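Quick notes on the structure that follows.
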């Protein structure tokens, strides 16, 4: 039996399925760890699979946004919501994918003062406004993304990634999900 | 070719798969309509399936929360975010599941002034705080849910439903998703 | 003796005057009900008359704003303040005067995503800014209304209606005023 | 013809009625000035009368609240809304009625740090919460006033005065109403 | 032994040094009083000197900003933070340096509705944004000051004065520092 | 001539005095770098000295607060204000003084979810409330610190450190002050 990395008094009551065990083994091989968010969801494999299917499509599938851009959105959104888990895990991803530790810190601390391209500023301004004041997103905001060179399909992806982290930030906050300690020193 | 019910200039470029068509037919049969959110996602069946898998698990699977309770959370969260799509579609669901049109209106307008049981007030206060100030959720908030009779497993579900609507509210806002007109007059 | 439709432990201690009774009879005849706000004020006929004199002048007297426009302001303001009473009663009025149930819902839920004329958008943007951040209203805001075609006399009326609902929303909230149930199903 | 003390390009087009002229003469005699708010409304005597009827009933009629208490509420509310007109005119009234210039300044600047009785703190906390977050007023807030010694009839009056200044603050802001200069040096 | 003009149970345990006594005597001679902030800091002469050195440099040394302009910034910032001490002491300074009591009141109540030059509006808008939303200050904000005629050296001074009052407002709030009563009637 | 590490077009026009040069040499020897904030202030040695005198007294002098506690306050305050300079430099200090890299990250990201002693939680809650809502600090807040074991003299120090970073955060934001790159990898 495994205590989950959250503040909830919940345990996994059944052994992992072979498929999930294989997925966790793959994580360990490729990342050096099984992200705690996967362990947190592992008490129910249906929920775990729904989470990873959506996550993997959004963050890893083909898109007009690079993987680094998607991680930048993840961190800028998580900074608004002050999510310790996501800032830690995805801050490491920005450092790693960009090879620029300072960029990771800027996304965590205040993306506005980073020296960003017009494309990246427009992308993050949209993601952060969508996070802070979703009711005030109007056609002018979409128009701004188009002027910065994004297609309407890209807008869908920016919106979907920003929205997804507004979900996971809140799951993490609600259950006090704890990131793997290894992230803190990665790619510094 | 089908224009999607959003402000994005995107179309579905391929016919629906048989599986998806069958799902839409089932919706039409059971609900009298295909919810526009499904059409909005239908330009990419992987994304559509990730969305429906998560949605159906959260809102319809076995849980310590009744379906009505999950819909009440959906509407209270969507009211904070002022999401026209979700308030319309899930407001109708609250009216229908409760048989109490006034309860639906109260969830849309101001859940705080509704005449709620201690259980429902604790549940909605948590969901709304998680929406407005996720960084301030602490053990005391979880403790409050336990004192209102919720198990830790229930807390996961409250958190997950509230978090999910924080995602969909923002996808809907970002793309100006439009609800089916039929919802407005349902169960009044 | 009559218990008033509020949370205050207050009753009307004297019978209604003939004049007030006649007014209530007229309401019943024309609207099918006596609005609960009138009953709430009926414990003191001086206060009731001061309220109805101001209300009737603002909402019904000759103005550059149509009655529907005034009701749209009423609902958009009440949405900011999340006033259950006013959203219910004046949401019904918007549905009825416009013959467009969806318009009523949009005013309740999020006027910004409604498909509004430039005139109506300017009018509601001003009313909502005046509600949320009155200290920041400057000449540029008035100028914006003039550019949208409003006269300075119209600006007075927009301001007065928006300000009035900022008052009544707060009286209703303070005493937990309850709207007549009949409004919920009207003009759906 | 008289230019009104606001930023609107509006003038009074007819001479004042005898009744209104007499009222203004009385103001001049008793206060040493005609408050600019009355001049601002004087372009339409129906609106002027609706305003003064409500104002005089709320601020001067018999009530469980003293006139000073009602003026303290007026200023604390106007401080939240940063209304130059009302802070000036009613700040002077607090100084005059209390004989305590510092009390007037405290109401303008930050009522919370004033050395207040429990009764006055409860009264102002309620008025300010009603101003800032009307949607969050619940039975517990009313209960707090009762515990501080207020009757339910007093609660109506606290609410009505606080709500009224939420109206007038916004009319003044919308039209840039200017207070009479004489107020600044009164009762210092 | 001297009780300090704050809510802290702290006393000065040693007599003032000759140098500090001479400074206080000078204050009494020139201002008619020893500002309570100096007494509050007098329990530790190192802290007192650090405070006065910084204050005197910022507010009195040669600068592209006049002394009145620096005091206007002080009051506009203190108004955002609702600091009773600083609004009282520096409100008096604005009245005195400008010879315009109304200007002092406008800075306390709502600088936005004052009839300001473009230079002063740009200066105060920057100071207030820096107070309310420092994370959102970008190059465009600095550019705005340059367009209003400020040098980069002036921008440093605007920033430093605004920032300093964000410090002192909070020290005053934290210890409930009380201003000398004499300020209230000065220069009215 | 030296370009300063800010966005202002300002240069140091005179060579550093011997005393300042010696101070900078000492920094380089002990810290391995001259903190950019000192270079930023070096255009005017009076301002530089006023800054360092206050900083050194607050952060390094004898106090009931440990140096680590003062750095924790610095970072928690800077996190509210999202100050890239101070989060970077003082985040490094927390990591170094505590020997706990995760503690530094928690202060930057969300101190509330850190596993803190009651003393540290009370200290940081006060510092953050003083940062966010200084006008609402009341005797109860000071009482809370006393109950957590702080003396009134300690309260002065908590307040002074929190207030100081509210100043420096804003100077840094106003001039876009850039931290030395070396901080990012220190004590990870």
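Applying a 10 Å radius around every beta-carbon, put C:61-67, D:71-77, C:179-185 in order of their mean neighbour count, most first.
Ranked from most to least packed, the peptides come out as D:71-77, C:179-185, C:61-67.
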Exercise. Which chain B residue sits with its beta carbon nearest the axis carrying B onto C, and how many Å away is it, rounded to a whole number?
Worked result: B:188, 2
Problem set entry | residue F:31 paired with residue C:115, simple spin-label distance in nm, labels 7 Å along Cα-to-beta-carbon | 6.0
For this session: Find the relative contact order for the range F:100-157 and round it to a whole percent, using C-alpha pairs within less than 8 Å whose residues are 6+ positions apart.
Result: 27
Seminar exercise, completed: Scattering profile of the range B:38-80 from the Debye formula, Cα beads only, expressed as log10 I(q)/I(0) at q = 0.22, 0.32 Å⁻¹, is -0.80, -0.98
Problem set entry | Spatial separation of Cα centroids for the range D:47-94 and the range C:106-172, in angstrom | 24
For this session: For helix E:45-60, report the angle its Cα long axis makes with the longest principal axis of the Cα atoms of chain E; keep it between 0 and 90° and round to the nearest 10°.
Result: 30
Exercise. What are the radius of gyration and Dmax of chain F, computed over its Cα atoms and given in Å?
Worked result: 17.0, 53
Seminar exercise, completed: On each of the three principal axes the extent of the alpha-carbon atoms of the range C:55-133, given in whole Å and largest first, is 28, 23, 23
Seminar exercise, completed: Simple SL model, points at 7 angstrom along Cα→Cβ for residue C:66 and residue D:151; separation in nm is 4.8
For this session: Could you work out the Rg to Rh ratio of the protein assembly as shown, with Rh taken as the Kirkwood radius (inverse of the mean 1/r over all Cα pairs)?
Result: 0.96
Exercise. How do E:3, F:6 line up, fewest other C-beta atoms within 10 Å first?
Worked result: E:3, F:6
For this session: Please report B:41, F:85, E:23 as a ranked list, fewest other C-beta atoms within 10 angstrom at the top and most at the bottom.
Result: E:23, B:41, F:85
Problem set entry | Average partner coverage of E:133-141, which counts Cβ from other chains inside 10 Å | 6
Exercise. Across all directions of projection, what mean area in square nanometres is found for the Cα convex hull of the range F:1-94?
Worked result: 6.7
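Starting from the Cα gyration tensor of the range B:82-171, multiply each eigenvalue by 5, take the square root, and state the resulting semi-axes largest first in whole Å.
Rounded to whole Å, the semi-axes are 22, 17, 11.
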Exercise. Computed over the Cα atoms of the range D:1-54, what is the convex hull's projected area averaged over all directions, in nm²?
Worked result: 3.8
Exercise. Quick one: Kirkwood hydrodynamic radius for the range B:142-188, alpha-carbon pairs, angstrom, one decimal?
Worked result: 13.2
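For the range C:107-148, what class follows from the C-alpha gyration tensor (a ≥ b ≥ c being the square roots of its eigenvalues): rounded when a/c is under 1.5, otherwise prolate if a/b is larger than b/c, else oblate?
Oblate is the answer for the range C:107-148, as a/c is 1.5 or above yet b/c matches or exceeds a/b.
Pairs of Cα atoms under 8 Å, at least six residues apart: use those to get the relative contact order of the range D:18-120, whole percent.
Relative contact order of the range D:18-120: 17 percent.
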Problem set entry | Share of pairwise Cα separations in the range C:129-169, more than 17 Å, in percent | 29
Problem set entry | In degrees, nearest ten, helix D:67-81 long axis to first principal axis of chain D (Cα) | 90
Problem set entry | Average other protein chain Cβ within 10 Å of Cβ, residues A:112-120 | 3
Problem set entry | Distances in nm from residue F:32 to the matching label points in the other copies, shortest first (labels 7 Å along Cα to Cβ) | 2.0, 5.8, 7.0, 7.0, 7.8
Exercise. Is there a simple number for the mean count of other chain Cβ atoms within 10 Å of the Cβ of residues in F:157-163, and what is it?
Worked result: 5
For this session: Report the relative contact order of chain C, percent, no decimals, based on alpha-carbon pairs under 8 angstrom and at least 6 residues apart.
Result: 28
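Read-outs: derived from the displayed coordinates by stated rules, not from any lab. Computed from a predicted structure; not experimentally measured. Please note: Cβ atoms are built from the backbone with ideal geometry, for glycine as well, and neighbour counts cover all protein chains shown.
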